[in-house]
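The values are calculated or read from the model by the stated rules, or taken from the named source; none is laboratory data. Predicted model only: the values in this text are computed from it and were never measured. Cβ coordinates were reconstructed from backbone atoms using ideal geometry, including for glycine residues, and neighbour counts include every protein chain displayed. Only protein heavy atoms, including side chains, enter the accessible area calculation; ligands, DNA and RNA are left aside. Shrake-Rupley method; radii C 1.70, N 1.55, O 1.52, S 1.80 Å.
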Amino acid sequence: FWYLGALRAAYEMAIYVNDRDFATKCSDLFQRGSTWLDANLFNGEYYEQKIVDPKTGKFIDPDDPNVPDYQLGRGCLVDQLVGQMMAHVCNLGYLGSSANMAKTCQSILKYNYLDSFADHFNNMRSFALGNESGLLMASWPRGRLKFPFPYFSESMTGFEYTAACNMIYENQIQQGLQCILSIRNRFDGLKRNPFSEPECGHHYGRSMTSWATLLAWSSFHYSAVTRTMSFGIRTGTFFWSNGYAWGSCWIAENRTTAELLIAYGTLELDYFELKGKKMKHFEQRIILSSKDQTNTLTIYFDN
């Protein structure tokens, strides 16, 4: 899915620079790859690994005694949809079947989530202990390899946020929040430092995936190509940032009014959208700057 996401992104960039040949190539590879993954890797519950013999290039049965060490095989991986998460963040759409994605999120929670680690054996690094809860790196509901990848029994926040983020994008809200709450309960400032979620060292970069959960919650997107800002179906006040500026957006409970505040930088807008509402197209480009006396914009929508 990382690869398919890269193809989708390359397609959009090729269209922007008018490289039609490369865009066609990326689109063709994407369509064929997406179809292949759903047909060959989705097992009805989640996506699994097909282990390839490095000598012959053919698939090896996970039960074969000659299977290479440190693989996943039929296991359910906690961040198997990380490429899809990034595609959602970048507004690139689904990389495979949306129904398969939703089912995979349910399976990750079903098979990888532990209410308590008290009876869980882990001979590697322990980032969750006792009655704490969280998501395991991998589980094997369909049969474990004899020598799987070594850190499968650990629980690491960067991977957990990825799974939670996908759940929120799939509208599995309570499930996603459950995973996030498990992390915050472990890193509550008493048991662990809430500002350093370690993996291979403190202040590990992967834990910054937590930022994507905010984007999933608000469904915020901004395109500098079309100068379009959009939000999802939720109401309230949301933080936004786009690389040039940042601020907040208040969306009324009846979703007929949105008030955009710019706190820093300069923002250019041609379009503004609330999911499910007709997109607002401004007759003249809106340019908001935090240096202006008026740094807010009120946008009205029909019921």
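Below, the figures for the structure above:
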| item | result |
| --- | --- |
| Most mobile of T235, T56, T104 in a GNM of the chain (Cα contacts under 10 Å) | T56 |
| Nearest-10 value in Å² for the accessible area of T298, using the 1.4 Å probe | 60 Å² |
| Semi-axis lengths (Å, descending) of the ellipsoid that matches the C-alpha gyration tensor of the range 109-155 | 18, 13, 8 |
| Linear extension gain, Q284 paired with K58, 0.36 nm per residue minus alpha-carbon span | 75.5 nm |
| Cα centroid separation, the range 158-237 to the range 57-75 (Å) | 33 Å |
| Unit Cα scatterers, Debye sum, the chain: log10 I(q)/I(0) for q = 0.07, 0.08, 0.09, 0.16 Å⁻¹ | -0.34, -0.44, -0.55, -1.34 |
| Karplus-derived HN-Hα couplings along the range 55-61 (A = 6.51, B = -1.76, C = 1.60, θ = phi - 60°), whole Hz, x at Gly and Pro | 8, 9, x, 9, 5, 10, 5 |
| Sequence ranges 18-24, 268-274, ranked by mean other-Cβ count within 10 angstrom, highest first | 268-274, 18-24 |
| Per residue accessible area of the range 1-134, 1.4 Å probe, in Å² | 56 Å² |
| Protection proxy ranking of 193-200, 280-287 - average other beta-carbon atoms within 10 Å, highest first | 193-200, 280-287 |
| Of all accessible heavy-atom area on the chain, the percent that carbon and sulfur account for (1.4 Å) | 53 percent |
| Antiparallel DSSP beta bridges within the chain, as percent of all bridges there, nearest 5 | 90 percent |
| Debye log10 I(q)/I(0) for the range 161-205, one point scatterer per Cα, at q = 0.14, 0.22 Å⁻¹ | -0.38, -0.77 |
| Distance between modelled label sites at S196 and T294, nm, 7 Å Cα→Cβ extension | 4.9 nm |
| DSSP beta bridge pairing in the range 190-299, given as percent antiparallel to the nearest 5 | 85 percent |
| Residue with peak Gaussian network fluctuation, the chain [Cα springs, cutoff 10 Å], from M101, M208, M86 | M208 |
| Within a Gaussian network of the chain (alpha carbon springs, distance under 10 Å), most fluctuating of A216, A118, A138 | A118 |
| Rounded accessible area of V225 (nearest 10 Å², 1.4 Å probe) | 90 Å² |
| For the range 168-269, Kirkwood radius (reciprocal of mean inverse C-alpha pair distance, Å) | 15.7 Å |
| Relative contact order (%) - the range 2-50, alpha-carbon pairs under 8 angstrom, separation at least six | 30 percent |
| Total formal charge among the other residues, if their Cβ is under 12 angstrom from that of F30, Lys/Arg +1 and Asp/Glu -1 | +1 |
| Mean ellipticity per residue at 222 nm, deg cm²/dmol - from DSSP H runs of n ≥ 4 across the chain, formula -39500 (n - 2.57) | -10000 deg cm²/dmol |
